[in-house]
Amino acid sequence: MIPILTQPTKLIAFDLSSADEKNGYPVRRALRIAEELAAEADTVFITSQDLALPDTCRRIQAATQRDLLSTLAFLKPDVLVRDCGNTAKEESEAVRNLVPAVLHFDDFGEGGQAADLVIQTLYGDSEFNVTETYKTGIGTFLPDPRADELRRQRDGQTAGDPPRLLIAFGESDPGNLTFRAFRHVMNLQIPLNVTILLGPSYAHDDSSLRMMALSRRNTAIKKAPHDFLSLAAASDIVLCGGGYMPYDAASLGVPCIVLAQSSFETELQFPSDRDGFTHLGLGRKVKQSNLLNAIMEPLLHDSLRQRDIDRQLSLPLGKEADSVFEAVRYLLEHPKRAVPGKPVPDVVN
């Protein structure tokens, strides 16, 4: 009997080695891609920290760059999707020697130039020229599958009495903008229902924050895990950092005030006033009067609030989701090079 040769199952590896201040979006994006390509490839998640992945996910811990390279040499994935921030050129070249095709998300470092494709959702000013290996734009953002339903629920809800303000600054909040912003909000002379979210790796002592909250009516502090998307959908105003959080707010159509956590976030082109946001710049430098005026404005002026909501809902978020999936699929089917241990008969030059 002649043995039947079957095509070996292909493997996509996701390197999620950094999630700080990304509001869990890298994990959600990776899970969406894994689900979309489930019939075509197995998936494995390589992480340097304990991320909120479903128990069904195959995962491997790689705390250092050396661990990552050893893991890749062992796994021999067909495609590596890296969502770990800016990378160095030497690091990316070492990875490239082990994997037939590499895709980076939101890599503004020199290492991105060694990737086969870089998708910049957080499209900002960069020092290098965009080439055919870079795809930019907010259309590549993958909205949460629940966003449409939550937005419809918002259409039927009335404003809170008192209005509901959500304060959230990501996983670790390195600048402690949670405390800075709430200290300013304490001086607001109108009643507000305030919910404060503390991320899973909130990097500060929260005792002073909790004492302030106890002295103010209608104020709650929620520690992770929590559902930012649902809480944002139920709010009248969201006060958050830059990065991916404004994308989630825009997918719901929620008036949103942005305080940048870093100078990098201040340089990003999104979000801005034309997108339906109030961006107050670097959070540690924001003046109390500017923040309080930004909170008051959408509460006192229905037309301005509706203008911002309309601008958000007209954004092309998710319009290029299929192109993201197709990019991974293309690299899976058409590897860029042969690597040791994984001969490739049809390398694409």
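The values are calculated or read from the model by the stated rules, or taken from the named source; none is laboratory data. Predicted model, so just to flag it, every value in this text is computed and none were measured. Cβ: placed from backbone, ideal geometry, glycine included. Neighbour counts: every protein chain shown. To get the accessible areas, we keep the full protein, side chains included, count just its heavy atoms, and leave off ligands, DNA and RNA. Shrake-Rupley method; radii C 1.70, N 1.55, O 1.52, S 1.80 Å.
The table for this structure:
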{"read-out": "Hey, N97 surrounded by fewer than 16 Cβ atoms within 10 Å (Cβ to Cβ), among the polar types (S, T, N, Q) and either within 18 Å of S17 (Cα to Cα) or more than 17 Å from the chain's Cα centre (by Cα) (or both) or not", "value": "yes"}
{"read-out": "Hey, F277 of a type in the set (F, W, Y) and closer than 23 Å to P191 by Cα or not", "value": "yes"}
{"read-out": "Flag if T136 is among the β-branched types (V, I, T) and over 24 Å from A338 (Cα atoms)", "value": "yes"}
{"read-out": "Selection from the stretch 61-74 of residues that are surrounded by 15 or more Cβ atoms within 10 Å (Cβ to Cβ) and either more than 24 Å from Q113 (Cα to Cα) or touching a strand residue (DSSP E or B) at 6+ places or on another chain (Cβ under 6 Å) (or both)", "value": "A62, T71"}
{"read-out": "The stretch 319-336, subset touching a helix residue (DSSP H, G or I) at 6+ places or on another chain (Cβ under 7 Å) and crowded, with 19+ Cβ neighbours inside 10 Å, residue farthest from P77 (Cα to Cα)", "value": "E320"}
{"read-out": "Matching option when the condition is over 15 Å from the mean Cα position of the chain (by Cα), closer than 27 Å to P225 by Cβ, modelled with pLDDT of 90 or more and crowded, with 18+ Cβ neighbours inside 10 Å, among F45, F105", "value": "F45"}
{"read-out": "L259 vs. criteria in contact (Cβ under 8 Å) with a residue 60 or more places away in the chain and surrounded by fewer than 18 Cβ atoms within 10 Å (Cβ to Cβ)", "value": "no"}
{"read-out": "Set K223, K287: member being modelled with pLDDT of 95 or more and of a type in the set (K, R)", "value": "K287"}
{"read-out": "Residue in the stretch 285-304 that is assigned to a loop (DSSP other than H, G, I, E, B), open to solvent by 40 Å² or more (accessible area, probe 1.4 Å) and closer than 19 Å to I167 by Cβ present", "value": "yes"}
{"read-out": "Residue in the stretch 228-247 that is open to solvent by less than 20 Å² (accessible area, probe 1.4 Å), modelled with pLDDT of 95 or more and farther than 20 Å from R164 by Cβ present", "value": "yes"}
{"read-out": "Unique residue being assigned to a loop (DSSP other than H, G, I, E, B) and under 13 Å from A13 (Cα atoms) when the list is P54, P77", "value": "P77"}
{"read-out": "Matching option when the condition is modelled with pLDDT of 95 or more and in a helix (DSSP H, G or I), among L68, L98, L72", "value": "L72"}
{"read-out": "Pick from the stretch 28-50, criterion part of a helix (DSSP H, G or I) and in contact (Cβ under 8 Å) with a residue 40 or more places away in the chain, ranking: farthest from V328 (Cα to Cα)", "value": "R28"}
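Yes/no per residue for (1) at pLDDT below 95; (2) touching a strand residue (DSSP E or B) at 6+ places or on another chain (Cβ under 7 Å); (3) open to solvent by 50 Å² or more (accessible area, probe 1.4 Å); (4) closer than 16 Å to K342 by Cα:
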{"site": "E21", "(1), (2), (3), (4)": "yes, no, no, no"}
{"site": "L37", "(1), (2), (3), (4)": "no, yes, no, no"}
{"site": "L53", "(1), (2), (3), (4)": "yes, yes, no, no"}
{"site": "V81", "(1), (2), (3), (4)": "no, yes, no, no"}
{"site": "C84", "(1), (2), (3), (4)": "yes, yes, no, no"}
